[in-house]
């Protein structure tokens, strides 16, 4: 799996970097959210708990996926700004069990 950053935009108001990546996984399965987030976090010098996966779309039949990721200045800022279901999906908060 090779991850290439296609576009990186700094959003100073929300204290985050908005990153568009292209994931080349030809001959392999679509990568997991956790593996993508870990590799992107390392590329942008953030901890794993500071990045949130917004969306990931696989292009059918060619082994390439595109993803939109937000990398925050701190874990607390990510929790304050992002929607709850995105935080759960990205593994930043636990689901509440009733």
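The values are calculated or read from the model by the stated rules, or taken from the named source; none is laboratory data. The structure displayed is predicted, hence computed values, not measured ones. Glycine gets a Cβ as well: all are built from the backbone with ideal geometry, and neighbour counts include every protein chain shown.
Observations on the model:
- Scope region 56-73; condition modelled with pLDDT of 90 or more and in a loop (DSSP other than H, G, I, E, B); matching residues: 73
- Residue 79 assigned to a loop (DSSP other than H, G, I, E, B) and over 16 Å from residue 18 (Cβ atoms): no
- Residue match in region 44-55 (condition: assigned to a helix (DSSP H, G or I), under 19 Å from residue 10 (Cβ atoms) and free of Cβ contacts under 8 Å to residues at least 60 places away in the same chain): yes
- Within region 83-98, considering residues that are under 11 Å from residue 50 (Cα atoms) and in contact with a strand residue (DSSP E or B) (Cβ under 7 Å, 6 or more places away or on another chain), the one surrounded by the fewest Cβ atoms within 10 Å (Cβ to Cβ): 87
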